[in-house]
Amino acid sequence: MKITFLGTSSGVPTRSRNVSSVALRLPQKAEVWLFDCGEGTQHQLLRSEIKSSQIRRIFITHMHGDHIFGLIGAIASSGLAGNAHKIDIYGPAGLSEYLQACAKYSYMNLGNRLKVHRVEPGLVYEEDNFAVHCQLLKHRVPAYGYSITEKDRPGKFDIEQAKALGIPPGPVYGKLKLGETITLEDGRQINGQKLCGEPEEGRKVAYCTDTVFCDAAIELAQDADVLIHEATFAHQDSEMAFERLHSTSTMAAQVALLAGVKQLIMTHFSPRYAPGNTLQLDDLKKEARSIFPNTKLAYDFFTYEVPRRR
Ligand SMILES: [Zn+2]
Ligand SMILES: [Zn+2]
């Protein structure tokens, strides 16, 4: 699982930071999932290593422009590029109507490549390898945080040992790989678990933006390997954070601490902390690290490979 930040500024883009979007590359399949799609995300994709043709699912947190204004452009380009595969988009109420209106008034044919799913707190999407859940955060408009959980995988199958035991290759290998016990024609019973290494524990990533400190974020991020949490403001500006229902660096760190995550990556920074100003992003990092030392600051194109669990 590889996370790439495509935009890390809040509200408006700056020279060095675009507005919100995070790409998640999944190792089990050549698929990319996007989380939010602020204006200019397709340009950011062009500058990154990510192939936009691999985008299969897009999860939208909320309907503020800095999280959705890039959607229609990205969808239009992907259609013109001849990407035939379907894109599933998940998000709050109003997302489907918004996309339909954009398409209608710009004479764009969405065809049936697009399916919009309205999310509710709980399970959003599930497949063999992954499950995605969401929770309602605390923002000025309905905003959902997402968690992506990779399912545990059986350990590596020792094919040499299976051969040495004289097990004839065939469909039984598939069963043994899953840890099942099989009976051979000669009557021997073979326990697949003994031929497999240690099972690999699935990883978890949580994405919480935009929100002020809230319990839903802690619940969503519980025991995550990586928590991506917004930190629009410095601690000193917490009054503004409460007023606008955004987080400070210290709130993000508290969520990380209470949820027991391994790594916190903060994003969605207010442009007011630009270099040269009294308070800078380094200050936000220090504030967060005093509460949760394992904190990183995201920047555009920062890529983080989620380490395997042992
Ligand atoms: Zn925002
Ligand atoms: Zn917002």
Open item on the list: If the requirement is being within 16 Å of ligand 2 (Cβ to nearest atom), modelled with pLDDT of 90 or more and of a type outside the set (A, V, I, L, M, F, W, C), which of these qualifies: ASP210, ASP223, ASP215?
Closed with: ASP210
Open item on the list: When the residues of segment 245-293 are narrowed to those that are over 25 Å from THR303 (Cβ atoms) and more than 23 Å from the chain's Cα centre (by Cα), which ends up nearest to ligand 2 (Cβ to nearest atom)?
Closed with: ARG272
Task: Residues (more than 16 Å from ligand 1 (Cβ to nearest atom) and surrounded by fewer than 21 Cβ atoms within 10 Å (Cβ to Cβ)) located in segment 1-41 - done: LYS2, ARG15, SER16, ARG25, LEU26, PRO27, GLN28, LYS29, ALA30, GLU31
Task: segment 10-55: number of residues that are among the β-branched types (Val, Ile, Thr) and in contact (Cβ under 8 Å) with a residue 40 or more places away in the chain - done: 5
Task: Residue that is farthest from the chain's Cα centre (by Cα) [pool: residues in segment 28-54 that are among the hydrophobic types (A, V, I, L, M, F, W, C) and farther than 19 Å from GLU305 by Cβ] - done: LEU46
TODO: Mind listing whichever residues of segment 137-152 are within 16 Å of ligand 2 (Cβ to nearest atom) and out of contact with any helix residue (DSSP H, G or I) (no Cβ under 6 Å at 6 or more places or on another chain)?
DONE: LYS138, HIS139, ARG140, VAL141, PRO142, ALA143, TYR144, TYR146
Open item on the list: For segment 16-38, give me each residue that is within 14 Å of ligand 2 (Cβ to nearest atom) and in a loop (DSSP other than H, G, I, E, B).
Closed with: SER20, ASP36, CYS37, GLY38
Task: Test for LEU45: is it away from ligand 2 (no atom under 16 Å from the Cβ), buried (at least 19 other Cβ atoms within 10 Å of the Cβ) and not β-branched (Val, Ile, Thr) - done: yes
Task: Residue identified as in contact (Cβ under 8 Å) with a residue 60 or more places away in the chain and within 19 Å of GLY70 (Cα to Cα) among ALA101, ALA143, ALA93 - done: ALA143
Task: Yes/no for ILE55 being modelled with pLDDT of 95 or more, of a type in the set (Val, Ile, Thr) and assigned by TED's automatic domain parsing to the domain that holds TYR207 - done: no
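Examine segment 213-229 for a residue that is within 24 Å of GLU150 (Cα to Cα), assigned to a helix (DSSP H, G or I) and within 16 Å of ligand 1 (Cβ to nearest atom), and state whether such a residue exists.
Yes, there is a match, as at least one residue in segment 213-229 is within 24 Å of GLU150 (Cα to Cα), assigned to a helix (DSSP H, G or I) and within 16 Å of ligand 1 (Cβ to nearest atom).
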Task: Subset of segment 234-266 [among the aliphatic types (A, V, I, L, M), open to solvent by 20 Å² or more (accessible area, probe 1.4 Å) and within 16 Å of ligand 1 (Cβ to nearest atom)] - done: MET240, LEU245
Task: Selected residue [in contact with a helix residue (DSSP H, G or I) (Cβ under 9 Å, 6 or more places away or on another chain) and either charged (D, E, K, R) or in contact (Cβ under 8 Å) with a residue 40 or more places away in the chain (or both)] from GLN236, GLN280 - done: GLN236
- [ ] Select, from GLN100, GLN135, the only residue that is within 27 Å of CYS214 (Cα to Cα) and open to solvent by 20 Å² or more (accessible area, probe 1.4 Å).
- [x] GLN135
Open item on the list: Taking the criterion of being more than 28 Å from ARG203 (Cβ to Cβ), within 14 Å of ligand 2 (Cβ to nearest atom) and in contact with an Asp or Glu (Cβ under 6 Å, 6 or more places away or on another chain), would at least one residue in segment 62-82 satisfy it?
Closed with: yes
Task: Subset tally (residues that are touching a residue at least 24 places away in the same chain (Cβ under 8 Å) and open to solvent by less than 20 Å² (accessible area, probe 1.4 Å)) for segment 118-132 - done: 3
Task: Filter result (open to solvent by less than 10 Å² (accessible area, probe 1.4 Å), in a loop (DSSP other than H, G, I, E, B) and among the hydrophobic types (A, V, I, L, M, F, W, C)) within segment 184-212 - done: VAL212
Task: Subset of segment 184-212 [among the charged types (D, E, K, R), more than 16 Å from ligand 1 (Cβ to nearest atom) and under 15 Å from the mean Cα position of the chain (by Cα)] - done: ARG203, LYS204
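The values are calculated or read from the model by the stated rules, or taken from the named source; none is laboratory data. Bear in mind the structure is a predicted one, so any value in this text is a computation, not a measurement. In this analysis, Cβ positions are derived from the backbone assuming ideal geometry, glycine residues included, and neighbour counts consider all displayed protein chains. All accessible areas refer to the heavy atoms of the entire protein, side chains included, with ligands and DNA or RNA removed. Shrake-Rupley method; radii C 1.70, N 1.55, O 1.52, S 1.80 Å.
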